[in-house]
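Below is one structure, written out as structure tokens, with a few remarks after it.
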Amino acid sequence: MTAPSSPPTTWPTKPRPRVSILIGAILAIAFTVYSARQVDMRFSTFADVWTNPLWEKFWPIPWEWVFDRRNVINPLIETFQIAIISTVIGCSIALPVSFAMSRLTTPNSVTYYSSRVVMNIVRAIPDLFWAKLLVTAVGVGAFAGSWALSIFSLAVMVKLFSEDIDGADPRPLEAAKAAGGRHIPSVATGVFPTVFPAYVSYSLYVFELNIRASLVLGLVGAGGVGRVIEAQRQFFRFGRILGILVIIFVVVVVLEQVSVAVRKRLV
Amino acid sequence: MAVSQPTPVETRPGRPLGPRIWRWVIAVVILVAAAWSVTGLNVSVDRLLNASGDAWNVIKRMWPPAFSIEIKRGVIGKVLQSIYIAWVGTVIGAILSLPLSFLAAGNVSPRLIRLPIRQVFNAIRSVPELIVAVILIAVTGLGPWAGALAIGLHSIGTLGKLSSEAIENIDAGPIEAVDAAGGRWISAMRWAVLPQVLPVVVSYWLFRFEINVRASAVLGLIGAGGIGSELVSQLNFRNFPEVGAVLFVTIVAVITIDLLSSALRRAIIQGGAGPDQSRSGEALEDLTGMSLA
Amino acid sequence: MIRFENVSVTYRGGVKALRNLDLTIEDGEFVVVVGLSGAGKSTLLRVLNGLVPATEGSILVDGTEVVGASARTLREVRSHIGMIFQTFNLVERTTVVNNVLMGRLSTVTAWRSTFGLWPASARAAAMEALERVGIVDKAYVRASNLSGGQQQRVGIARALAQNPTLMLADEPVAALDPVTSRQVMGDLQRINQELGITTLINLHYLDLAQEYGRRLVGLNGGELVYDGQIEDATPETFSSIYGREISSTDVLVDHDQS
Ligand SMILES: Nc1ncnc2c1ncn2[C@@H]1O[C@H](COP(=O)(O)OP(=O)(O)OP(=O)(O)O)[C@@H](O)[C@H]1O
Ligand SMILES: [Mg+2]
């Protein structure tokens, strides 16, 4: 258009950005700069990283060593065992606890609040912290690792599952109670069937999560294939670590495909 | 297993035997797997019996937590250190994953570019941060920068995958409008796609920060600094009251950050009128970075 | 001037959406295209700016060949062609003026627009375009907060901001109520008359076509079956274009005259 049909003064002016957003942005940038200094961020790492003589130790991968049953395969089996037992224990205990933690099905408010507080605290402690603590308490090995992951998967499971119970249809429960049912049987017939599919699907997620976690438990002495990585890194045997990494990679990819397939069939 | 024999098809209506049989089969499989796992763990009976006592002992000895000693040792600075590591890692992941996620999205990127980038995301995601850190620590030296790099690298994979999925779910109309007006690809990304996905993507960054705080605490266990290193040194000397204080500080920090970040996320998503996410779906992403798609 | 010569479009999957079409449109014309659903109306507009590639024939837009043109040439041709969509195609999460500025993208270097460093001339053009459709006061409102009619006006402003010589509108009022439809059609007619922009509109409703169109083009099964002045079109004309009797679903119910 060549000539404006009215003077530009009638045009609205661009509103200034909201102060809260401006302050938020400034704070975020300032915090980033400060954090970067605190962690000794330096790009020179990338300059001399390629000339680091350690890279040579990554190659070749000693496949005979990697495929020797005792070196990697047995610890990997132990990893699976830790993941399986932790999932079974964690998810089993999670079943009653989740019902106690949902507003819909909790027997009383004391149970409700105490279970919530305890579970939130348990979940705030990272999985490997639990592993390290239990290694100190009950000794090095897969036992400590299974215990740690059981606790952590319990905490994850109850968080996910109790929110699904919260969202369940309350009417069957009311009907069962109105018919004079006691609390637990009423929940079992009125709510449990509708949320059971969610329980199964979360259990699968927790299993996937536990496999990933159990791969690294060994770095703090809690058993599984991570213990081999820990041992090899002490001696800078990075070729072996790379070999283990390839195996872990394959395991995780296969696992993901399988769990996607299983979940698709369940839904 | 004998139970898994398929049952005759002529079951009477009203009594579906098939599903019930399957339920039993699955239950037996789970029990067998659990039993096999227990035997593989090599736990003697008396260790099993004594263990809970040992654990309880440790918990008892953590009380009362030795706050004053820990504060003198700078435990607050150490937990902040973990937060700085997580933040820098998240920022690195966010900045690098954003452009890559456009190149990985099926609706705006050609196959030839998209497929290799997705493979890179998958490869990164499948290697645990801790193992990346083990290697980085060897190469760059011990310290928080190695931890931040490991977290950043891992975040590129997870954030890249989530963001590119967000891009794939946008309304394609505005892209067409830019094309029809003679705009370039980059302009379509900036003006038609970015405004649509930014609120969701930023909320993913915040999710990731919450997860990364836990990850950076854990990285301390293998020497990347921060609260994890403090936990290790106190546990190694079996100073349990000090351990209690470290745990307390960790719990407070993690819960505070979770609360702040999830409040911020909710504000961003609602302000952006974003898709309505189920709460447990959000919680899941929160904890695992896996989406419930 | 626009000249279609023997244009055919076959989509992947084998659907022939246009068959050997010949059509010439002079500068400043206001052409309405009608036809059954699936007749190829949208394809006719999209092939004109290359959003859909023609499989055969030649299309000249002001002397530039569109069929087989390079990406660069296409961008150049498209920068002079405004397009208005049935579903508006706005970015609802951003402001009205940002949506309109998308019409200026071809005039600004990629890096400048990427960082939002719009030159003052682009901002002025966007504001003038909004003024032209009467919603300049909404410039800094989020597009999602506008009514359907206002959103389509933003769509028109975005096309106007391109300073186009040709305007394509693909069922621009199909998502609007009857009263708003007439207002938006009125806007398009006024723009055609005041600025002399050649306008090509697909319409579903025959009464709207008769009320606003001057030249009528009818498509059926991808073929041009009618081309003439709208005054000459009778109900028989429409039923021959459609290949069936005209029914009440083919007209927009008249609310504002009852
Ligand atoms: N992208 C595409 N891929 C394959 N076939 C298509 C595509 N777009 C349109 N078609 C087909 O081409 C034919 C013409 O479509 P077009 O969209 O041009 O019709 P239209 O007259 O605009 O119809 P409507 O009134 O429903 O918008 C139809 O048979 C349609 O199914
Ligand atoms: Mg159409």
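The residues of segment C:1-29 that are assigned to a loop (DSSP other than H, G, I, E, B), touching a helix residue (DSSP H, G or I) at 6+ places or on another chain (Cβ under 9 Å) and more than 12 Å from ligand 1 (Cβ to nearest atom), listed by number, are C:GLY28, C:GLU29.
For segment A:66-80, give me the residue count where each residue is over 18 Å from the mean Cα position of the chain (by Cα) and open to solvent by 10 Å² or more (accessible area, probe 1.4 Å).
Qualifying residue count for the region: 10.
Evaluating A:ARG240 against the criteria (1) in contact (Cβ under 8 Å) with a residue 12 or more places away in the chain; (2) within 11 Å of chain B (Cβ to nearest Cβ) leaves one unmet condition, (2).
Taken together, C:GLU76, C:GLU128, C:GLU56, C:GLU29 contain a single residue that is away from ligand 2 (no atom under 16 Å from the Cβ), charged (D, E, K, R) and open to solvent by less than 30 Å² (accessible area, probe 1.4 Å), which is C:GLU128.
Can you find even one residue in segment B:119-134 that is more than 26 Å from B:ASP258 (Cβ to Cβ), assigned to a helix (DSSP H, G or I) and more than 10 Å from chain A (Cβ to nearest Cβ)? Yes - at least one qualifying residue is present in segment B:119-134.
Of all residue pairs spaced 6 or more apart or on separate chains, those with beta-carbon atoms under 8 Å, a first member in segment A:65-87 that is of a type in the set (D, E, K, R) and a second member that is assigned to a helix (DSSP H, G or I) are A:GLU78/A:ALA142; A:GLU78/B:GLY40. The listed residues are C:ARG182, C:ARG153, and the only one of them that is under 11 Å from C:ILE84 (Cα atoms) and away from ligand 2 (no atom under 16 Å from the Cβ) turns out to be C:ARG153. Taken over segment B:170-224, the criterion of being outside any helix (DSSP H, G or I), surrounded by fewer than 21 Cβ atoms within 10 Å (Cβ to Cβ) and in contact (Cβ under 8 Å) with a residue 40 or more places away in the chain is satisfied by B:ILE170, B:ALA172, B:GLY223.
Using the structure shown, decide if B:VAL75 is open to solvent by less than 60 Å² (accessible area, probe 1.4 Å) and at the interface with chain A (Cβ under 9 Å from one of its Cβ atoms). It is false that B:VAL75 is open to solvent by less than 60 Å² (accessible area, probe 1.4 Å) and at the interface with chain A (Cβ under 9 Å from one of its Cβ atoms). Among what's in segment A:102-124 and is in contact with a Lys or Arg (Cβ under 9 Å, 6 or more places away or on another chain) and within 10 Å of chain B (Cβ to nearest Cβ), pick the residue that is most open to solvent (accessible area, probe 1.4 Å). Here the residue is A:ASN120. Every residue in segment A:147-206 that is free of Cβ contacts under 8 Å to residues at least 12 places away in the same chain, assigned to a loop (DSSP other than H, G, I, E, B) and either open to solvent by 50 Å² or more (accessible area, probe 1.4 Å) or basic (Lys, Arg) (or both), please. Matches in segment A:147-206: A:GLY167, A:ALA179, A:GLY180, A:ARG182. Inspection of segment C:30-47 identifies no residue that is away from ligand 1 (no atom under 12 Å from the Cβ), more than 14 Å from chain B (Cβ to nearest Cβ), farther than 26 Å from B:VAL178 by Cα and under 18 Å from the mean Cα position of the chain (by Cα). Within segment C:48-89, take every residue that is under 19 Å from C:VAL100 (Cβ atoms) and either hydrophobic (A, V, I, L, M, F, W, C) or free of Cβ contacts under 8 Å to residues at least 24 places away in the same chain (or both) and give me the one that is farthest from ligand 1 (Cβ to nearest atom). Filtering first and then ranking leaves C:ILE81. Checking every residue in segment C:104-121 against the condition of being under 23 Å from B:GLY182 (Cβ atoms), surrounded by 23 or more Cβ atoms within 10 Å (Cβ to Cβ) and not polar (S, T, N, Q) gives at least one match. The residue pairs whose first member lies in segment A:38-62 and is at the interface with another protein chain (Cβ under 7 Å from one of its Cβ atoms), whose second member is among the aromatic types (Phe, Trp, Tyr) and open to solvent by 90 Å² or more (accessible area, probe 1.4 Å), and whose beta carbons are closer than 8 Å, counting only pairs six or more residues apart or on different chains, are A:LEU54/A:PHE236. Counting the residues of segment A:220-232 that are open to solvent by less than 50 Å² (accessible area, probe 1.4 Å) and not in a loop (DSSP other than H, G, I, E, B) gives 7. Considering only segment A:87-94, I want to know if a residue exists there that is open to solvent by 60 Å² or more (accessible area, probe 1.4 Å) and of a type in the set (Ser, Thr, Tyr). Checking segment A:87-94: at least one residue is open to solvent by 60 Å² or more (accessible area, probe 1.4 Å) and of a type in the set (Ser, Thr, Tyr). Mind telling me which of the residues B:ILE124, B:ILE131, B:ILE156 ends up being in contact with a Leu (Cβ under 7 Å, 6 or more places away or on another chain) and modelled with pLDDT of 95 or more? Just a single option satisfies the conditions, and that option is B:ILE156.
Filtered by the rule that a residue be buried (at least 23 other Cβ atoms within 10 Å of the Cβ) and either farther than 18 Å from C:GLY228 by Cβ or away from ligand 2 (no atom under 15 Å from the Cβ) (or both), segment C:32-53 gives C:GLY40, C:THR43, C:LEU45, C:VAL47, C:LEU48, C:ASN49, C:GLY50. Output the number of residues of segment B:136-153 satisfying the condition of being hydrophobic (A, V, I, L, M, F, W, C) and at the interface with chain A (Cβ under 7 Å from one of its Cβ atoms). Final tally of qualifying residues: 4. Scanning segment C:166-179 for residues that are away from ligand 2 (no atom under 16 Å from the Cβ), within 14 Å of the chain's Cα centre (by Cα) and open to solvent by 10 Å² or more (accessible area, probe 1.4 Å) turns up nothing. Criterion applied to A:VAL254, A:VAL216 was being within 27 Å of B:GLN119 (Cβ to Cβ), hydrophobic (A, V, I, L, M, F, W, C) and open to solvent by 60 Å² or more (accessible area, probe 1.4 Å), and the one residue passing it is A:VAL254.
The requirement of being surrounded by fewer than 23 Cβ atoms within 10 Å (Cβ to Cβ), away from ligand 2 (no atom under 16 Å from the Cβ) and within 17 Å of the chain's Cα centre (by Cα) is satisfied by C:ILE2.
Which one is farthest from the other protein chains (Cβ to nearest Cβ) among residues in segment C:192-223 that are in a loop (DSSP other than H, G, I, E, B) and either more than 16 Å from ligand 2 (Cβ to nearest atom) or at pLDDT 90 or above (or both)? Result: C:GLY221.
The values are calculated or read from the model by the stated rules, or taken from the named source; none is laboratory data. This is a predicted model, so every value here is computed, not measured. Every residue, glycine as well, gets a Cβ built from its backbone with ideal geometry; the counts of neighbours run over all protein chains shown. What goes into the accessible areas is simple: the full protein's heavy atoms, side chains included, and nothing from ligands, DNA or RNA. Shrake-Rupley method; radii C 1.70, N 1.55, O 1.52, S 1.80 Å.
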